[in-house]
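Asker: I'd like to ask you about the structure that follows.
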Amino acid sequence: MTEISKPDFDQYLQPGRFVDSDAPTVVDFAQTVSSGSVEKREKAVSIYYAVRDTIRYDPYNIDLAPEALTASSALAKGSGFCIVKANLLAAAARVVDIPSRLGYANVRNHLTTERLNEYMRSDVFAFHGFTELYLEGHWVKATPAFNLSLCQRFDVKPLEFDGQNDSIFHEYDSQGQRHMEYLQDLGHYADLPRKLMIATFRKHYPHLYDGTATTLGGDFEADASSS
């Protein structure tokens, strides 16, 4: 295991612009949902499930303005796409003294709605966000994007997290069909690299930046049930 020096490690405990672990609402959220746990691993698990299921996954109404990408913004809206949900998990973990960082990858998603597929013109989800938590001496991946009710509509097993093993998207759904494939690891960061995120989006979805595209709007979960 590679040791991390204290100066480098500190960045994974401090508030960031987007991982705003010092925001009062984030502090209250983290302390409330983990109040019944004593060990850090237990706290991490409690926070993971709270983020996964109380913040609804919504790729239809993505706002890339800086203020809309913060952990506290996800809490205020009660919904968000994978990147802001990862920010919230990372921020809440830091509140209870669990080091956290953000991971990104390009993935191929085989389970999406017809509307979203037409909008993106691709089954590649660029810059998919997840969180890594430092627990019991090693980094553990945690992906809180898809809430339980959405998974049930898609007939996909929800991702569980025990604080010891990586929790990343299943390759297959409950029927044995392809669900998601990781294509390229884009590294990890202490805070969201917003400029890199937008540059990646522009590369993969140029039509969304030509002045003609608008946010989809609507209810992704409702569409999922009819897919």
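The values are calculated or read from the model by the stated rules, or taken from the named source; none is laboratory data. Only a predicted model underlies this, so the values are computations on that prediction, with no experimental measurement involved. Ideal geometry is used to build each Cβ from the backbone, glycine not excepted, and the neighbour counts take in all protein chains shown. Only protein heavy atoms, including side chains, enter the accessible area calculation; ligands, DNA and RNA are left aside. Shrake-Rupley method; radii C 1.70, N 1.55, O 1.52, S 1.80 Å.
Asker: Select from the range 1-21 the residues that are at pLDDT below 95 and among the basic types (Lys, Arg) and list them in ascending order.
Answerer: If the condition is that a residue be at pLDDT below 95 and among the basic types (Lys, Arg), then Lys6 is the only one that fits.
Asker: For the range 152-166, which positions are touching a helix residue (DSSP H, G or I) at 6+ places or on another chain (Cβ under 9 Å) and outside any loop (DSSP other than H, G, I, E, B)?
Answerer: Selection gives Arg153, Phe154.
Asker: Only one of Val51, Val45, Val19 is open to solvent by less than 10 Å² (accessible area, probe 1.4 Å) and within 22 Å of Gln152 (Cβ to Cβ). Can you tell me which?
Answerer: On the way: Val45 fails: open to solvent by less than 10 Å² (accessible area, probe 1.4 Å); Val19 fails: within 22 Å of Gln152 (Cβ to Cβ).
Exactly one of Val51, Val45, Val19 is open to solvent by less than 10 Å² (accessible area, probe 1.4 Å) and within 22 Å of Gln152 (Cβ to Cβ), namely Val51.
Asker: With (1) at pLDDT 95 or above; (2) open to solvent by less than 20 Å² (accessible area, probe 1.4 Å); (3) under 13 Å from the mean Cα position of the chain (by Cα); (4) not hydrophobic (A, V, I, L, M, F, W, C) as the list, and Arg94 as the residue in question, which single condition is left unmet?
Answerer: Failing condition for Arg94: (3).
Asker: Continuing with this model, one more query. Are there any pairs, at least 6 apart or on different chains, whose C-beta atoms fall under 7 Å, with the first in the range 1-29 and more than 15 Å from Glu132 (Cα to Cα) and of a type in the set (Asp, Glu) and the second in a loop (DSSP other than H, G, I, E, B) and modelled with pLDDT of 95 or more, and if so, which?
Answerer: Asp20/Thr70; Asp22/Pro15
Asker: While we're looking at this one, here's another question. Counting only residues that are touching a residue at least 60 places away in the same chain (Cβ under 8 Å) and crowded, with 18+ Cβ neighbours inside 10 Å, which one in the range 57-83 is farthest from the chain's Cα centre (by Cα)? Before you say what the answer is, go through the steps one by one.
Answerer: Initially, the range 57-83 is screened for residues touching a residue at least 60 places away in the same chain (Cβ under 8 Å), giving 57-64, 66, 69, 81-83.
Right, trim to crowded, with 18+ Cβ neighbours inside 10 Å and you get 57-60, 69, 81-83.
Numbers: Tyr57: 9, Asp58: 11, Pro59: 11, Tyr60: 15, Leu69: 11, Phe81: 7, Cys82: 3, Ile83: 4 Å.
The residue in question is Tyr60.
Asker: Another one. Could you say which residue among Asp155, Asp162 is more than 17 Å from Val107 (Cα to Cα), modelled with pLDDT under 90 and either out of contact with any Leu (no Cβ under 7 Å at 6 or more places or on another chain) or open to solvent by 70 Å² or more (accessible area, probe 1.4 Å) (or both)? Working first, answer last.
Answerer: On the way: Asp162 fails: modelled with pLDDT under 90.
Asp155 is the lone residue from the list that is more than 17 Å from Val107 (Cα to Cα), modelled with pLDDT under 90 and either out of contact with any Leu (no Cβ under 7 Å at 6 or more places or on another chain) or open to solvent by 70 Å² or more (accessible area, probe 1.4 Å) (or both).
Asker: Collect the residues in the range 111-146 that are open to solvent by less than 20 Å² (accessible area, probe 1.4 Å), within 21 Å of Ala91 (Cβ to Cβ), in a strand (DSSP E or B) and not polar (S, T, N, Q), keeping them in residue-number order.
Answerer: The answer is Phe127, His128, Gly129, Phe130, Glu132, Leu133, Leu135, Val140, Ala142.
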